[in-house]
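The values are calculated or read from the model by the stated rules, or taken from the named source; none is laboratory data. Given the structure is predicted, the values throughout are model-derived calculations rather than measurements. Positions of Cβ are generated from backbone atoms using ideal geometry, with glycine treated the same way; all protein chains shown enter the neighbour counts. The protein model used for the area step is the full one, side chains on, heavy atoms only, and it has no ligands, DNA or RNA in it. Shrake-Rupley method; radii C 1.70, N 1.55, O 1.52, S 1.80 Å.
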Amino acid sequence: MKYIREFLAYVLVLALLCLDFFSDWHIWSVIPKKVLIIIFIIGLFVCFVPLKKLDTMANFWMQLRVIVFLIVMIMVLPLFGGKSDIGLSLSQPFFLMIIALTIFQLRMQWKRAKHEKEQEEELKKQQEKQQGKRKK
């Protein structure tokens, strides 16, 4: 179920990016753009709201997959002839700053997840030692 929701989120993100990069497609004129955007955003919220609490490592990997997907799509869609109406481009300084901040945030989250994992392992070792003492 988790992977189906994540896959649906990727499809919705791709649809939003196609709406931006290929705004002249006829398919976008069938339903008003504002309605489409609202539907896509609600769908993304539904897909990304976790059903259970994710551990920090799983959360890190999910965020990394989403960010890599976005960056790859922003690089690939112009190769198919698309042009972003809102200016999503790797040549925009503002967009490059956002990528840099995202990488910094992911790096901090990786350190936090790694530290949390080390603490859990240390706690398990301590519990095993205590159980070993009780059995003697």
F60: net charge of surrounding residues, Cβ under 13 Å, Lys/Arg +1, Asp/Glu -1, itself excluded? +4
Straight-line reach from K34: which aspartates and glutamates have a Cα under 18 Å away, not including same-chain ones fewer than 8 places off? D20, D24, D85
Accessible surface of the chain, 1.4 Å probe, proportion on carbon and sulfur as whole %: 69 percent
Given contacts defined as C-alpha pairs under 8 Å and at least six residues apart, what's the relative contact order of segment 1-97, whole-number percent? 43 percent
HN-Hα J in Hz across segment 3-13 - Karplus 6.51, -1.76, 1.60, θ = phi - 60°, x for Gly and Pro: 6, 5, 5, 5, 4, 4, 4, 4, 5, 5, 5
For the chain, size of Cβ-based charge dipole, Lys and Arg +1, Asp and Glu -1, in debye: 1080 debye
Reciprocal mean inverse distance between Cα atoms of segment 2-136 - Kirkwood radius, Å: 17.9 Å
How about segment 60-116: which trypsin sites (Lys or Arg not before Pro) there are in a DSSP loop, with at most 15 other Cβ atoms within 10 Å of their Cβ? K83
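Hey, which of these cross-link pairs are over 28 Å Cα-Cα: K83/K114; K2/K111; K2/K114; K53/K124; K53/K114?
In this structure, K83/K114 lie more than 28 Å apart at Cα.
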Kindly report the accessible area of the chain per residue (heavy atoms of protein chains, probe 1.4 Å, no ligands, DNA or RNA), in Å². 78 Å²
